[in-house]
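Read the structure below first, then the notes.
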Amino acid sequence: MASSDPTFVGQVASVVGGTVRVRLRRDMPTTLVLVEGESYRVGQIGGFFRMPIGYTQLYAVCSQVGADAVPGAVAEAMPVLERDQAMDDSLAGYRWMTVVLFGESVGKTFERGVGQYPTVGDEVHFVTKSDLEIIYSSSTDNALKVGTIASSNGIPAQLDLNKLVSRHSAIVGSTGAGKSNLVSVLLEALSSEQFPSARVLVIDPHGEYSAVARDKSKVFRINPAEGESRLIVPFWALPFDELLAITFGGMSPSNEAAVRDRVQELKRAAALKLKKVPLIESITADSPIPFSLHQLWFELDDFERQTFRGTGTARVATKIVTPGDASTLSSNVYEPYRPGSQEPYKNPSPRGLSKQLELTRSRLTDSRYSFLFNPSAEYTPTLEGQVQSDLDGLIASWIGHESTLTLLDVSDIPSEVASDVVGLLVRIVYDSLFWAAGLAIGGRRQPLLIVLDEAHRFLPDGKDTSSHRILTRVAKEGRKYGVGLMIVTQRPSEIDGTVLSQCGTMISLRTTSPKDRERVSASFPDDLGSLVDLLPSLRTGEGLFVGEAMHVPSRVRIRHSSVPTQSGDPDTKVRWTQAVRPDPKLYSTALRNWRNQRKD
């Protein structure tokens, strides 16, 4: 009989879609059961259960236990159905459980999803170690080992590489929950000898991962240290609207149209000087064609400063008293205009761009923005728009090298333009792979994984930013072109819900904020949103893995990275018990670094 089987826990009472209500057996003396020398806890949230249906075994995960798991229609009749002389009436109705179906097996073969459903009265058993081995035996050679299954001893937790990259993923968790360690573990696994042609691009806002797989990575930074490369971000690759926002700020539609037309003219003229001249008629103000921003500023500034003699169609500009220089951002000086009706006259129809031009000049001369407006001799255009190196060399230096990992450290970028710069970095890479379809470097032939740390800074919910637009595009259509996205954040409630919904794999570490848990629950696949109640009680370094890359929803104990990240907590006790305090003269070094905008 079923009751004689030590794994038997109860019977199916109701089935609604993939959700099954289970009435637990009344004669189970304890939730701790010993089977074949192994102890098992019955009724644990996140625990697995098995339902035999002929030759098929259905598997489910526990999402709810106790009185709240009682089906509503049964609750009123519960005292009658549950009455037992050996049990106190006050406990009647509490031995219920809700489980969610996730897969089935025939023999030793496990498959995600179910082809049939249980019916009322079918037996429910807790799974044993042999059942777990069947469930997790479908891992392939392309699996990434990230830790062990928390509910068993020794069963490795593995992620399907194909699904992790192509179907996008999200790693969420509160500060200190272990996100950086998990990302480091994944980067180490991806840079192993198992994947010699892997291609991973990491957007690192805090410089945390430069030590990960150092021999298999290439680090780009605005102020590079020894062994690192300089991060170059050419302004002329920005779409016009984003370039305008960074350099000129807001302006009237008529002025914006005039500036757009002039940028297009400058780009078309400069395109004739490229080694491979593109179709001139296809070039717009958004095309990634080099042009001189100094020359554009000089022309717009000159128009505002001109003075005139004569009237009507006979009006002519006065002579230049002191010639300016576009390369040094010095203006032409004209005869000063006189008040009233005396010549020379002030420009009667200026565009009114004085404030915008002053902003542009300050940005072009600000050393913090030199990485963008004066990146290097190779990529800074002359006044005629000529460059020594084109974008293809820059892209190849990022993702065409022999190393597995490319780390773009954007920690030194001014916060007010960080979103635009990250958006540009991703846009350059994504658009190049989009137009490389069919080539050996294309994403279909050599997939690319983009890892975005601190994603809430670049994918803000309800805001339209440069990074938001391109990253949303990658999330929606990247799979078609072999570009995967992994977003990492401690504030999922601030992330655009559309992007989270595109993530086929959700890895949730300890999350304490109710708003964050609500957003995570809404993004959980497979109707497993109720498992989100587990998140506040997860241990540090433990995560709930749900979705396509982990074919079974699992609670995983993540292994420690071989290289600690810089996001770890400082050892306060050790630091505060030191007998000698640091040299106060170091504060002058800190001030110098602050003023120079770099860390020595």
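Which pairs, out of 108/480; 216/515; 145/216; 355/585, put more than 30 Å between their alpha-carbon atoms? List each step's numbers first, then the result.
Numbers: 108/480 34 Å; 216/515 38 Å; 145/216 18 Å; 355/585 41 Å.
With Cα atoms farther than 30 Å apart: 108/480; 216/515; 355/585.
May I ask which residue of 534, 371, 386 lies farthest towards the positive end of the charge dipole of the chain, with charges of +1 (Lys, Arg) and -1 (Asp, Glu) on Cβ and the Cα centre as origin? After comparing all options, I get 386. Surface composition of the chain: carbon plus sulfur atoms hold 51% of the accessible area, using a 1.4 angstrom probe and ignoring ligands, DNA and RNA. Electrostatic bookkeeping for residue 9 treats Lys and Arg as +1 and Asp and Glu as -1; over the other residues with beta carbon under 15 Å from its beta carbon, the sum is +2.
Backbone amide hydrogens, once placed in the peptide plane, bring residue 147 within less than 5 Å of 157, 559, excluding anything fewer than 5 places away on its chain. Seen against the Cα atoms of the chain and their longest principal axis, helix 293-305 is set at about 50 degrees. Against the chain, whose longest principal axis comes from its Cα atoms, helix 514-523 is set at around 80 degrees. Suppose we keep just the DSSP beta bridges with both residues in the chain; what percent of those would be antiparallel, to 5? If I count the DSSP bridges inside the chain, around 70 percent turn out antiparallel. What label, among (i) 3, 15, 21, 22, 19, 13, 6, 1, 0; (ii) 3, 14, 21, 19, 15, 11, 8, 5, 2, 1, 0, 0; (iii) 3, 17, 26, 24, 16, 9, 4, 1, 0, 0, belongs to P(r) over Cα pairs in 10 Å bins from 0, in percent computed from the structure on display? Step by step, P(r) over Cα pairs in 10 Å bins from 0, in percent for this structure corresponds to label (ii). Normalised per residue, the accessible area of the chain is 49 Å², obtained with a 1.4 Å probe and no contribution from ligands, DNA or RNA.
Under the definition of Cα pairs under 8 Å and six or more residues apart, what whole-number percent is the relative contact order of the stretch 406-529? Let's see the in-between values first.
Numbers: 148 pairs, mean separation 28.7, N = 124.
Relative contact order comes out at 23 percent.
The packing ranking, built from the mean of other Cβ atoms within 10 Å per residue, places the peptides 55-65, 262-272, 339-349 in the order 55-65, 262-272, 339-349, highest first.
Taking 12 Å as the straight-line reach from the Cα of residue 273, the aspartates and glutamates in range (excluding those fewer than 8 positions away in the same chain) are 384, 390.
Where does helix 586-596 land angle-wise versus the long Cα axis of the chain, in degrees 0 to 90, nearest 10? The two axes meet at around 60 degrees.
Explain nothing, just the number: dipole magnitude of the stretch 237-339 about its Cα centre with +1 on each Lys and Arg Cβ and -1 on each Asp and Glu Cβ, in debye rounded to the nearest 20.
Dipole of the stretch 237-339, to the nearest 20 debye: 400 debye.
The mean sequence distance of close C-alpha pairs (under 8 Å, at least 6 residues apart), as a share of the length of the chain, puts its relative contact order at 18 percent. Need the list of lysines near residue 267 for cross-linking: C-alpha distance under 18 angstrom, and skip anything on the same chain fewer than eight residues off. Within reach: 275, 276. Across the alpha-carbon atoms of the stretch 185-266, the computed radius of gyration and Dmax are 19.5, 57 angstrom.
The values are calculated or read from the model by the stated rules, or taken from the named source; none is laboratory data. The model shown is predicted, which means the values in this text are computed figures rather than measured ones. Note that we place each Cβ from the backbone using ideal geometry, even for glycine, and neighbour counts take in every protein chain shown. Heavy atoms of the whole protein, side chains included, go into the accessibility calculation; ligands, DNA and RNA do not. Shrake-Rupley method; radii C 1.70, N 1.55, O 1.52, S 1.80 Å.
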